[in-house]
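**Student:** The structure under discussion is supplied below as structure tokens; questions concerning it will follow.
The values are calculated or read from the model by the stated rules, or taken from the named source; none is laboratory data. Everything quoted here is computed from the prediction, not taken from an experiment. Heads up, the Cβs are rebuilt from the backbone with ideal geometry, glycines too, and the neighbour counts pull from every protein chain shown.
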Amino acid sequence: MFRKLVPISLLIPLVVSGVLVYAFLPGAQAASDLVIYEDSITPPWQEVSWGASAKDLTSPEQVLSGSKSIKVTLSAWGALRLRSGPWGQPNNINAGDYSSLSMSVYGGANGGNVVLKLENDSNQTFPTKSFSLAANTWNAILGTMAELNPSSQVIHGFYLQEHNGQTKTYYVDDIKFVGLGLNDGGGSAPPSDTSLPTVSLSQPVSGATVSGTITLTATASDNVGVVGVQFKVDDQNIASEDVTSPYSVNWDSALVADGSHTVSAVARDAAGNISTPQSLTVTVSNIVVTPPNSTPNPPSSAGSGSSAPSNLWVTAYISSWEFNTQSGDGNWGSYTEPEIDWDAFTHLIFFATGLDGSGGCCRVATNSNWNDNRLKKAVAAAHANGKPILFSVGGAGGGGWNSALSNSATRATAVTNLISFMNQYQFDGIDLDPEESTITGAGNSWDDFIDVFAQEIKAKMNLQTAYYDVSKKPILTAAIFNNFNDWARAEPYLDQINIMSYDQTGTWTKETWHNNAAQNIKNPDGTCATLDIAEGNGNTCMATIESDVDDLIAQGVPKSKIGGGIDFNGWVWRGGTKLNDSSSAPLTPRDRWGTTPAQVSVGTASANSDCNFRSTVETRYYNIKKCYLDKYPSSIKWDSYSNVSYFALDNSGTADDVYITFQDAKSVTKAVEFIKNKGIGGMILWEIGGGYLGKNNFSTYSGQRDELLQAVKAATLGVTMPPPPTGDTQAPAVSITAPASGVTVSGTTVTISATASDNVGVIGVQFKLDGVNLGSEDTSSPHSIIWNTTQSLNGFHTLTVVARDAGGNQATATSVIVTVQNGTPPPAGSDTVPPVVALTEPASGAFVSGSVTLVATASDNTAVTKVEFIVDGVVVASDTSTPYSTSWLVSGAGRIRLAARAYDAAGNVGTATSIEVNVSSGLSDGGTAGSGNTGGSSSNGSSGSAGSSTSGGGASGAINFNNLSQSSPVVLNETSKTESQEISGHNQFVNLDSVGISIYSRIVALNSDLEINKRYAIAYFLQNGTTNTLWLGMGERAGVVDSFKSAFARLPQTDLDWQDVIKIANGRWPSRLSPEREQAVYTHYKKIYLKDPDRKNPHDDAAITIMAYGLRNPNRNLNSEKTAIKYFKDIYGRVPASASDWDIMRAIAYSGAVR
């Protein structure tokens, strides 16, 4: 890439009205400068530095022009080195074409000295030129060819080297070789312009007191001409450089703290000369923020009936997907406004929106749970009941905080967007929930800037009033789980600091514990009676609400600002053995583990599907109650040490022992009592939808539907819990009458019809396509809707119908699976006849368990090319030859729908009529837990040679993440065209969105010599994924490519490379191993575990394997990853940033290796 610039030698100096200007020399043509860096490194140039402990090639922090610069931290004598191409394949730079090498360097906090030197691959000697860098300003670096290359040798690169023998951080921008002048070699360049421009601040005056938004103005002059002025406050850029006179910029002083601040301006000329900064001091005085120990927003006492005490807040979260507006799009929740007990809490937080790296937030989308209708109705409902409602920004899986907060410009954008969104929907405040440390690819830590961010938001909030009560200010709260010292700095600007004091148990603990215990029981000497005996933690107290609160108090946060966390969810564990007792299961709190139990979650239960097991993270209380507590009441236990209930079911003679940690009404009462006795400010409830026994979840349930919320209300107000509700609890009956399951549909007018009946009366039927509402609810019989199939992708789709009666009871019809086939009519005479396919085994209604053979017959007028087998809408296997069959390892419980689909050579598709089978495995999820080295069937369909896989997932042959071992190679998705060939064979342009372009550019930036079709393959994989990588987002797929590159020192290019990428994404060993890479990560293993790895130990071997190749666990445990990130930060002093860092984090989270 070349940028055309006009050399000064082609211009005639003229004086016009006393001003020196330049005009073109007649007949002259401008030669090109060779631009090496302008917001990014120009291909084929590459960065190959040495002694650079940290570098960011597209940093937004300090920028001279454009929007990015190179940030580099150089150790003593380290150097930023750029080359014109790969080693051994450089691009020749002819010295005779250029007059000089030019760049600008920001001197950092202390300035320094550097040397500039050219180099080539022939090891010829070049002289160096030294430069002294001024601190906190841009310095022009220019070396002429006469100085740097007097012998006119060919150039292959250059480096800028630290020359103080100290560690320095610099920013480098606008790197280029300056063109000589005339293309024919004629003419000569005039002497270089080395005169600095001058700048003077006009407004404000030094010593002024300012508030609100003010205008900064400056005048600037130069012997040739000023090209721009950059305004700064406290050495941070304010907006972009102003390139037109008169020079000015608007500055919102509310974005900084009240007090003294330095305003400065820097001018730049066309030669890159930077003026000496001119600065002055002003005093910012905006509305005073809330003093640390005051309570500006006492909880509301409004609402019908009694309310919580004004000095104790009960802040309830409701997830956007649980809230049911009773009308409108994206409406699949179960909790309606009339069913919420508004007197049971003081504040409501609507959860959650995201924050991106540029400061953008709060995307509202139709047919999503975060849409205009739902937001407005949630706010209206809260205000109608006299409650303040906040919106939450963040949550587990929400990225963007690091980039948004670490830069003043993007942070200001985030503040503006959050306040604007709050006012647009009339929310009464904002809840900050930054959990970016759980996200792969996170960079510098957001927590260094959280206090500044909170201060800037609070300053804006204090300029207005709340909507629920105009006598109050908007509320700023935070939900935190670590980084207590950072949040302590933000305390003066926060009304509530609520600790997520739950999810306190996980695979990292190596012992049975509670999700949300209230307290540790103390001995007379003050030590804990409940000790964390695992991992050599000695007398460390177990994690509880009490331990979290004490840790935050120790950071100096006043009790009045602290809230404890109460969870309406629980964790379900199955299997495992006690340490030193392989015949017993760990069913008692503080049991140490020999083999790790499986962590599972109960899928949503309904009248038609009772307690399906799915391997995920947390389980809603209403599922635990329905599926365990009501069925096995004698297994409910009480831990008198920690005042919390738990569930222990010993299935004698099996590996299906079950331990559940959960909060019931008794546990919640004890937790509230502890919070009140501790004297802290209040509590958060996560989240009230998880504790609501919704009518569409349990249509026949007749007990109290919100008993946990009622327990909180009783404990805070001293009221009696209400009796169970009475009234209509019978759900409607509903079924789809057209189209039939298995048919192929097309066109714009496909009619979907249903019948529905009820003991009282059906008031509406909602049709759904692939789980998303299709049109509005149909409120009159006969019930039907027209579906325009041309707006859906060709292929497999699921139709469902939900009927609702006046009592709020809901029922869902058995789903129908159809195939959409639209497109251009085939040529005359071509094959348009689809194959005929039928499932022959197992029989419809059969009871199945363990390994089951699926068998289908298929025929076609030409030939069948492939038959796919489908379980609950997901393709699990395919077969290309008759007899068509596959072995399926049953997982789950209840009823499961099976189908088959056949293809012919012309692309015609036929789908078999689906059937339902019943899983007869009781509490088992289809796997028989193994122990030791005896093997055992895994719940994900693979055979683990070192025990059962209970946390892994994906296709057959996946890694066993409890006892990792190598499994035999398995072809992914055996089709006529494998997934890897689909990627490696892609040779067409891919239209990426802006996010995709950014990710793609980062991956290929240093691999510009990669063939164009290989680049297309990478872009295709990022944008589209494959059948076995669709569970990953674009950013995660990029991370898998990064892991492959870390392991094999190259980007994937061949079909075999892409096979390995897909395997890594699904927790598989790659087909080729790298002993060098495995040896390289030994250093990290020893740093973490303080010992040499024993490769015969499956957990040690797992740690090395995951570190080396970045194997992903398809069933992520975000809580495990949170803790792993804490350990990583404690060990390395930073959060994970590079691909290798994140692979190390995964090893800590999932390998099971211990110190």
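**Student:** Counting just the residues of region 1103-1117 that are in contact with a helix residue (DSSP H, G or I) (Cβ under 7 Å, 6 or more places away or on another chain) and part of a helix (DSSP H, G or I), which one comes out surrounded by the fewest Cβ atoms within 10 Å (Cβ to Cβ)?
**Tutor:** 1104
**Student:** Let me ask something else. Contact list please: Cβ distance under 9 Å, first residue in region 1123-1139 and within 19 Å of residue 1151 (Cα to Cα), second residue polar (S, T, N, Q) and assigned to a helix (DSSP H, G or I), pairs at least six apart or on different chains.
**Tutor:** Going by the 9 Å Cβ cut-off, the qualifying pairs are 1125/437; 1125/438; 1126/437; 1129/437; 1136/437; 1139/1043; 1139/1046.
**Student:** Another question, then. Are there any pairs with C-beta distances below 9 angstrom linking a residue in region 420-431 that is of a type in the set (Ser, Thr, Tyr) to a residue that is part of a helix (DSSP H, G or I), with the two at least 6 apart or on different chains, and if so which?
**Tutor:** Listed pairs, sorted by first residue: 425/372; 425/375; 425/376; 425/378; 425/379.
**Student:** Could you tell me which of the residues 224, 199 is more than 42 Å from the chain's Cα centre (by Cα), part of a loop (DSSP other than H, G, I, E, B), within 24 Å of residue 271 (Cβ to Cβ) and aliphatic (A, V, I, L, M)? Don't jump to the end; show me each part of the working.
**Tutor:** Working: 199 fails: part of a loop (DSSP other than H, G, I, E, B).
None of the others qualify; the one that does is 224.
**Student:** Of all residues in region 298-323, which are among the hydroxyl-bearing types (Ser, Thr, Tyr), at pLDDT 50 or above and either outside any strand (DSSP E or B) or exposed (fewer than 14 other Cβ atoms within 10 Å of the Cβ) (or both)?
**Tutor:** If the condition is that a residue be among the hydroxyl-bearing types (Ser, Thr, Tyr), at pLDDT 50 or above and either outside any strand (DSSP E or B) or exposed (fewer than 14 other Cβ atoms within 10 Å of the Cβ) (or both), then 320 is the only one that fits.
**Student:** Looking at region 1071-1102 only, could you name the residues that are among the polar types (S, T, N, Q) and part of a helix (DSSP H, G or I)?
**Tutor:** Of everything in region 1071-1102, those that are among the polar types (S, T, N, Q) and part of a helix (DSSP H, G or I) turn out to be 1079, 1083.
**Student:** Looking at (1) modelled with pLDDT of 85 or more; (2) part of a loop (DSSP other than H, G, I, E, B); (3) closer than 26 Å to residue 620 by Cα, find the lone condition where residue 349 falls short.
**Tutor:** All conditions pass for residue 349, except number (2).
**Student:** Restricted to region 231-240, and to residues that are outside any loop (DSSP other than H, G, I, E, B) and in contact (Cβ under 8 Å) with a residue 60 or more places away in the chain, which residue is surrounded by the fewest Cβ atoms within 10 Å (Cβ to Cβ)?
**Tutor:** Within region 231-240, the match that is surrounded by the fewest Cβ atoms within 10 Å (Cβ to Cβ) is 236.
**Student:** Picking from 1068, 1134, which residue would you name as being modelled with pLDDT under 85, in a loop (DSSP other than H, G, I, E, B) and buried (at least 24 other Cβ atoms within 10 Å of the Cβ)? Can you show your working first?
**Tutor:** On the way: 1134 fails: buried (at least 24 other Cβ atoms within 10 Å of the Cβ).
Sole residue among the options that is modelled with pLDDT under 85, in a loop (DSSP other than H, G, I, E, B) and buried (at least 24 other Cβ atoms within 10 Å of the Cβ): 1068.
**Student:** If you don't mind, there's one more thing I want to ask. For region 206-258, which positions are over 27 Å from residue 286 (Cα atoms) and among the hydroxyl-bearing types (Ser, Thr, Tyr)?
**Tutor:** 219, 221, 244, 245
**Student:** Further, regarding this structure: Do we find a residue being at pLDDT 90 or above, outside any strand (DSSP E or B) and either under 30 Å from residue 552 (Cα atoms) or not assigned by TED's automatic domain parsing to the domain that holds residue 552 (or both) anywhere in region 689-700?
**Tutor:** no
**Student:** Does region 152-172 contain at least one residue that is farther than 19 Å from residue 49 by Cβ, modelled with pLDDT under 85, touching a strand residue (DSSP E or B) at 6+ places or on another chain (Cβ under 9 Å) and surrounded by 14 or more Cβ atoms within 10 Å (Cβ to Cβ)? Quick ask: steps written out before the conclusion?
**Tutor:** Going residue by residue through region 152-172, those that are farther than 19 Å from residue 49 by Cβ are 152-154.
Imposing the further condition that a residue be modelled with pLDDT under 85 reduces the set to none.
Within region 152-172, none of the residues are farther than 19 Å from residue 49 by Cβ, modelled with pLDDT under 85, touching a strand residue (DSSP E or B) at 6+ places or on another chain (Cβ under 9 Å) and surrounded by 14 or more Cβ atoms within 10 Å (Cβ to Cβ).
**Student:** Of the conditions (1) of a type outside the set (A, V, I, L, M, F, W, C); (2) over 26 Å from residue 677 (Cα atoms); (3) modelled with pLDDT of 65 or more, residue 507 fails just one. Which one is it?
**Tutor:** (3)
**Student:** Look through region 241-256, keep the residues that are assigned to a loop (DSSP other than H, G, I, E, B) and touching a residue at least 12 places away in the same chain (Cβ under 8 Å), and return whichever of them is nearest to residue 416 (Cα to Cα).
**Tutor:** The selected residue is 256.
**Student:** Answer yes if at least one residue in region 710-730 is of a type in the set (D, E, K, R), touching a helix residue (DSSP H, G or I) at 6+ places or on another chain (Cβ under 6 Å), modelled with pLDDT of 85 or more and within 24 Å of residue 569 (Cα to Cα), and no otherwise.
**Tutor:** Looking only at region 710-730, we keep the residues that are of a type in the set (D, E, K, R), and these are 713, 728.
Okay, now just the ones that are also touching a helix residue (DSSP H, G or I) at 6+ places or on another chain (Cβ under 6 Å), so 713.
Going one step further and asking which of them are modelled with pLDDT of 85 or more, we end up with 713.
With the extra rule that they be within 24 Å of residue 569 (Cα to Cα), the set shrinks to 713.
Within region 710-730, one or more residues are of a type in the set (D, E, K, R), touching a helix residue (DSSP H, G or I) at 6+ places or on another chain (Cβ under 6 Å), modelled with pLDDT of 85 or more and within 24 Å of residue 569 (Cα to Cα).
**Student:** To continue, here is another question. Considering every residue within region 213-221, establish whether at least one is more than 30 Å from residue 255 (Cα to Cα), touching a Gly at 6+ places or on another chain (Cβ under 8 Å) and either in a strand (DSSP E or B) or not assigned by TED's automatic domain parsing to the domain that holds residue 266 (or both).
**Tutor:** No, the conditions are met nowhere in region 213-221.
**Student:** Which members of region 133-151 meet the condition of being over 14 Å from residue 101 (Cβ atoms) and either more than 43 Å from the chain's Cα centre (by Cα) or outside the structural domain of residue 92 (by TED's automatic domain parsing) (or both)?
**Tutor:** If the condition is that a residue be over 14 Å from residue 101 (Cβ atoms) and either more than 43 Å from the chain's Cα centre (by Cα) or outside the structural domain of residue 92 (by TED's automatic domain parsing) (or both), then 151 is the only one that fits.
**Student:** A follow-up question, please. Pick from 122, 104, 65: which is within 14 Å of residue 174 (Cβ to Cβ), among the polar types (S, T, N, Q) and at pLDDT below 90?
**Tutor:** None of the others qualify; the one that does is 65.
**Student:** Restricting to region 459-496, name every residue that is hydrophobic (A, V, I, L, M, F, W, C), at pLDDT 90 or above and either assigned to a loop (DSSP other than H, G, I, E, B) or outside the structural domain of residue 348 (by TED's automatic domain parsing) (or both).
**Tutor:** Passing the criteria: only 494.
**Student:** Can you tell me how many residues in region 551-581 are touching a Lys or Arg at 6+ places or on another chain (Cβ under 9 Å), surrounded by fewer than 19 Cβ atoms within 10 Å (Cβ to Cβ) and not polar (S, T, N, Q)?
**Tutor:** Summing the residues that are touching a Lys or Arg at 6+ places or on another chain (Cβ under 9 Å), surrounded by fewer than 19 Cβ atoms within 10 Å (Cβ to Cβ) and not polar (S, T, N, Q) in region 551-581 gives 3.
**Student:** Identify the residue in region 337-371 that is charged (D, E, K, R) and farther than 24 Å from residue 476 by Cβ and, among all such residues, is surrounded by the most Cβ atoms within 10 Å (Cβ to Cβ).
**Tutor:** Ranking the qualifying residues of region 337-371, first place goes to 343.
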